[in-house]
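Report on one structure; see the data block that follows.
The values are calculated or read from the model by the stated rules, or taken from the named source; none is laboratory data. Keep in mind that this is a model prediction, so the values were computed, not measured. FYI the Cβ positions are ideal-geometry reconstructions off the backbone, even for glycines, and counts take in every protein chain you see. Each accessible area value is taken on the protein alone, full model and side chains, heavy atoms only, with ligands, DNA and RNA left out. Shrake-Rupley method; radii C 1.70, N 1.55, O 1.52, S 1.80 Å.
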Amino acid sequence: MQGSLRATMSEAFDCAKCSESLYGRKYIQTDNGPYCVPCYDNTFANTCAECQQLIGHDSRELFYEDRHFHEGCFRCCRCQRSLADEPFTCQDSELLCNDCYCSAFSSQCSACGETVMPGSRKLEYGGQTWHEHCFLCSGCEQPLGSRSFVPDKGAHYCVPCYENKFAPRCARCSKTLTQGGVTYRDQPWHRECLVCTGCQTPLAGQQFTSRDDDPYCVACFGELFAPKCSSCKRPITGLGGGKYVSFEDRHWHHSCFSCARCSTSLVGQGFVPDGDQVLCQGCSQAGP
C-alpha cells in the first residue's frame, strides 16, 4: 500500500531496497518493508509482453495466458483496437478482435455471403460453408439441418424433393422407385408391381413372357395362349429354348414327336400322317 510521511525526524525511515530516506516521498508498504516507488516497480512490477516496459504500480494491468500487458498495449494486432473490454481471440500467439479474426480466418456463407461467426452453428459440405439457417433444400426451401440430402449440379435436395423431381417412376403405379426395382420393356417397375396379368404371381427373377404388352407367367401364358401338343396335350410355349414341330394345324414338342407304333423319334425324319397319328416310314409300309 502507499504510505505517507508519519515518522519523526529522529526515526530512520528508509527504502528497503535502495536505503534512501523516504521522508517527504511517496512509498509503498510491503511485508518486507517500505519501498520507494522506483524500487517497488523495479522489484515487483511485471514486464508488458507488448512494449517490454515495466507495468508501474499505478497502471492498469491485464493478464492473459501467462502474459502481462499495459491496458493500452492489450490490443488487436491488426486494427490496434483496445481489447480491454472487448471479446477477442488468440491466433498463433497474436491477439485479434472478433472482427479481424472473422475477416482473416472465418468462412463466408455460400448462400448469403456473410461471415460465419466463430461458435455459430454451421454446415460444411464439398469445401463450402453455410449458416445453418441458410442451408436450404433447393426444392421446398426448408432448412436441411441434420436431415439427409442429395446434391445435384450445385443444388441440394431433401430426399422427398429429390425423389419427386428426379427419381424414376414405376410404369404401373407411377410412384417413385427409391431403391431396387426391375426393368421391363425399357421401363422401371417396382418388383412388387411386376406381376402376372393372369394369376398375379410376382415375376421379378422368374421367366415370363408377354402378350399385347401384358406380362404373363409361363403357366398362364401356356394355358391362355399357347398351342397344345397333339401328343401330351400340354401347352407348347417355346420358352427356355424349347423346340416344337408343326404340321398343318397340329403341333408337337420335340420330345413328343415320335412314331405312334414304334415310338421312334421323327424329328428331322420323314413321316407319314395316319389319321390323328404320325408313323415312321417303316411302320407305315408295314401296314396296319
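Within region 124-137, the set of residues being open to solvent by 30 Å² or more (accessible area, probe 1.4 Å), touching a strand residue (DSSP E or B) at 6+ places or on another chain (Cβ under 7 Å) and part of a strand (DSSP E or B) comprises 136 only. The residue that is nearest to the chain's Cα centre (by Cα), among those in region 264-285 that are assigned to a loop (DSSP other than H, G, I, E, B) and more than 15 Å from residue 230 (Cβ to Cβ), is 268. Checked against the criterion of being under 26 Å from the mean Cα position of the chain (by Cα), crowded, with 18+ Cβ neighbours inside 10 Å, outside any loop (DSSP other than H, G, I, E, B) and not acidic (Asp, Glu), region 165-186 has at least one qualifying residue.
Taking region 81-111 as the range and being open to solvent by 50 Å² or more (accessible area, probe 1.4 Å), closer than 30 Å to residue 137 by Cβ and not small (Gly, Ala, Ser) as the test, the residues that pass are 105, 108. The conditions of being open to solvent by 90 Å² or more (accessible area, probe 1.4 Å), of a type in the set (D, E, K, R) and out of contact with any helix residue (DSSP H, G or I) (no Cβ under 7 Å at 6 or more places or on another chain) are not met by residue 121.
Conditions (1) over 30 Å from residue 210 (Cβ atoms); (2) loosely packed, with under 14 Cβ neighbours inside 10 Å; (3) modelled with pLDDT of 85 or more; (4) not small (Gly, Ala, Ser), marked per residue:
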{"residue": "237", "(1), (2), (3), (4)": "no, no, no, yes"}
{"residue": "250", "(1), (2), (3), (4)": "no, no, yes, yes"}
{"residue": "254", "(1), (2), (3), (4)": "no, no, yes, yes"}
{"residue": "260", "(1), (2), (3), (4)": "yes, no, yes, no"}
{"residue": "273", "(1), (2), (3), (4)": "yes, yes, yes, yes"}
{"residue": "280", "(1), (2), (3), (4)": "yes, no, yes, yes"}
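Could you check, for region 206-222, whether at least one of its residues is at pLDDT below 85 and closer than 27 Å to residue 277 by Cα? Yes; the residues of region 206-222 include at least one that is at pLDDT below 85 and closer than 27 Å to residue 277 by Cα. Considering 244, 184, 216, which residue is in contact with a strand residue (DSSP E or B) (Cβ under 7 Å, 6 or more places away or on another chain) and over 30 Å from residue 173 (Cβ atoms)? Going through 244, 184, 216 in turn, just one is in contact with a strand residue (DSSP E or B) (Cβ under 7 Å, 6 or more places away or on another chain) and over 30 Å from residue 173 (Cβ atoms): 244.
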